[in-house]
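Note sheet for the following structure.
The values are calculated or read from the model by the stated rules, or taken from the named source; none is laboratory data. Every value quoted in this text rests on a predicted model; they were computed, and no experiment measured them. A quick note on method: Cβ atoms are made from the backbone with ideal geometry, for glycine too, and the neighbour counts reach across all protein chains shown. Each accessible area value is taken on the protein alone, full model and side chains, heavy atoms only, with ligands, DNA and RNA left out. Shrake-Rupley method; radii C 1.70, N 1.55, O 1.52, S 1.80 Å.
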Amino acid sequence: MLSPLHKQLLNDFQQNLPISATPYQDIALSLGVTEDDVLLAFQELQDQQFIARIGSVIAPNLIGVSALMAMAVPTENLIKTAEIVNQYPEVNHNYERDNRFNLWFVLIAKDKSSLQTVIADIELTTGYNTLYLPLIADYFINLGFEIDFDD
Amino acid sequence: MIDAIDWQLLARVQQGLPLVSRPYADIGKGLNLSENEVLKRVARLKQQGVIKRLGVVVNHRRLGYTANAMVVFDVAASLIEQIGEHVSQFSFVNLCYQRPAQGEQWPYNLYCMIHGKNKEKVLQQLEYLKQSCGLLQCKSEVLFSKQCFKQRGALYQMSPDQEKEKV
């Protein structure tokens, strides 16, 4: 079960972890608990996989070049195709979605020409064409994801 | 400017801060940097916008948010920016991007992501979003995620010689 402290740590520190020598101490002070309480609660959240990590999210396309890709794969070939796609280190998300375009993955490469090379190679090894859907504009202003802890 | 040490530091911070009293000192040890140097660099990278956010990265699925919908719309080019900015303001919208339409096979140019606890709730939120943003007449599709084949943080494989060209 999540304690009130767990919930506060999940909800209130998604955006701006204090950039100080002692961020957990700063959090503890702001919540009126001890640093050890905060460290223990974060450890529990990590152990139980409520949080992936406490770290940075890097702006898309500031580093390297990325693109969302989609493929329409016959159901009977989906898993095999997904496994081929997964073998490319440039692939970092790969999902099935309920659509005629049923395989969706994100590619990241160091520049546009390496990205094109990987795309051509994936099309060759899987035997399917791709939709190439690079980011044009990011409208999202991240105000944090407010978790609803009810039900 | 971003130098080779910044890249090493970014790769390290992306993996997550250690759960110790002085996490930046800990990270600095591995990179031969002082705690103060690490803090200065992280603060600058955040200020430059290279680090989009620094904080708790929650596992939505584990928190009960198992319905993940990517919603795509075919929006008039003249309205897309205005609509995109409007869509992104709803608390249940996680991401909102413009991407190029791909002809008749995929005519959509506006993408948003909605995480919810179940499909019904997500679809209700989507209806509300469409009404509020003038999207009822737009062609759209909802793609719920099914199997996850791979998911990892965007750890870029940068070698030092590539890094010099960037930003």
**Study point:** Top-ranked residue in the stretch B:28-58 [being surrounded by 21 or more Cβ atoms within 10 Å (Cβ to Cβ) and more than 21 Å from the chain's Cα centre (by Cα); ranked as farthest from residue A:44 (Cα to Cα)]
**Key:** B:41
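Per-residue answers, yes or no, for (1) facing chain A (nearest Cβ under 7 Å); (2) more than 30 Å from residue A:50 (Cβ to Cβ); (3) under 15 Å from the mean Cα position of the chain (by Cα); (4) modelled with pLDDT under 95:
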residue	(1), (2), (3), (4)
B:62	yes, no, no, yes
B:88	yes, no, yes, yes
B:100	yes, yes, no, no
B:109	no, yes, no, no
B:124	no, no, no, no
B:163	no, yes, no, yes
**Study point:** Filter pass, residue A:84 being out of contact with any Leu (no Cβ under 8 Å at 6 or more places or on another chain), at pLDDT 95 or above and farther than 30 Å from residue A:5 by Cβ
**Key:** yes
Study note, to complete from the structure: When the stretch A:77-100 is checked residue by residue, the ones that are buried (at least 20 other Cβ atoms within 10 Å of the Cβ), out of contact with any helix residue (DSSP H, G or I) (no Cβ under 8 Å at 6 or more places or on another chain) and among the aliphatic types (A, V, I, L, M) are A:82
Check your understanding: In the stretch A:51-66, what residues are more than 14 Å from the chain's Cα centre (by Cα) and within 7 Å of chain B (Cβ to nearest Cβ)?
Key -> A:62, A:63, A:64
Review point. Does residue A:26 satisfy the criteria of being acidic (Asp, Glu), touching a Pro at 6+ places or on another chain (Cβ under 8 Å) and more than 10 Å from every other protein chain (Cβ to nearest Cβ)?
Key: yes
Check your understanding: Taking interchain pairs and intrachain pairs at least six residues apart, which have beta carbon atoms under 6 angstrom, with the first residue in the stretch A:38-52 and under 16 Å from residue B:55 (Cα atoms) and the second aliphatic (A, V, I, L, M) and not in a strand (DSSP E or B)?
Key -> A:38/A:27; A:38/A:28; A:39/B:19; A:41/A:5; A:41/A:9; A:42/B:19; A:43/B:19; A:51/A:45
Point to revise | Options B:30, B:64, B:84: the member that is among the small types (Gly, Ala, Ser) and more than 30 Å from residue B:131 (Cβ to Cβ) | key: B:30
Practice item. Quick one: which residue in B:67, B:77 is surrounded by 15 or more Cβ atoms within 10 Å (Cβ to Cβ), more than 7 Å from every other protein chain (Cβ to nearest Cβ) and not β-branched (Val, Ile, Thr)? Key: B:67
Review point. Among the residues of the stretch B:20-39, is there at least one that is closer than 30 Å to residue B:138 by Cβ, touching a strand residue (DSSP E or B) at 6+ places or on another chain (Cβ under 9 Å) and not basic (Lys, Arg)?
Key: no
Review point. Given (1) polar (S, T, N, Q); (2) exposed (fewer than 14 other Cβ atoms within 10 Å of the Cβ); (3) within 7 Å of chain B (Cβ to nearest Cβ), where does residue A:113 come up short, assuming only one miss?
Key: (3)
Revision key, fill the gap. Checked the stretch A:6-19 for anything in contact with a Leu (Cβ under 9 Å, 6 or more places away or on another chain) and more than 7 Å from chain B (Cβ to nearest Cβ); matches are A:6, A:8, A:12
**Study point:** Answer residue from the stretch A:13-52, given it is charged (D, E, K, R) and surrounded by fewer than 16 Cβ atoms within 10 Å (Cβ to Cβ) and is farthest from residue A:146 (Cα to Cα) among those
**Key:** A:36
**Study point:** Residue list for the stretch A:67-110, restricted to those being among the polar types (S, T, N, Q), more than 7 Å from every other protein chain (Cβ to nearest Cβ) and part of a loop (DSSP other than H, G, I, E, B)
**Key:** A:87, A:102
**Study point:** Out of B:135, B:123, sole residue that is assigned to a helix (DSSP H, G or I) and crowded, with 16+ Cβ neighbours inside 10 Å
**Key:** B:123
**Study point:** Checking residue B:32 against (1) more than 30 Å from residue A:129 (Cα to Cα); (2) at the interface with chain A (Cβ under 9 Å from one of its Cβ atoms); (3) among the polar types (S, T, N, Q), the condition it does not meet
**Key:** (2)
Practice item. Quickly run through the stretch B:80-94 and pick out the residues that are touching a residue at least 24 places away in the same chain (Cβ under 8 Å) and open to solvent by less than 40 Å² (accessible area, probe 1.4 Å). Key: B:80, B:83, B:84, B:87, B:88, B:90, B:92, B:93
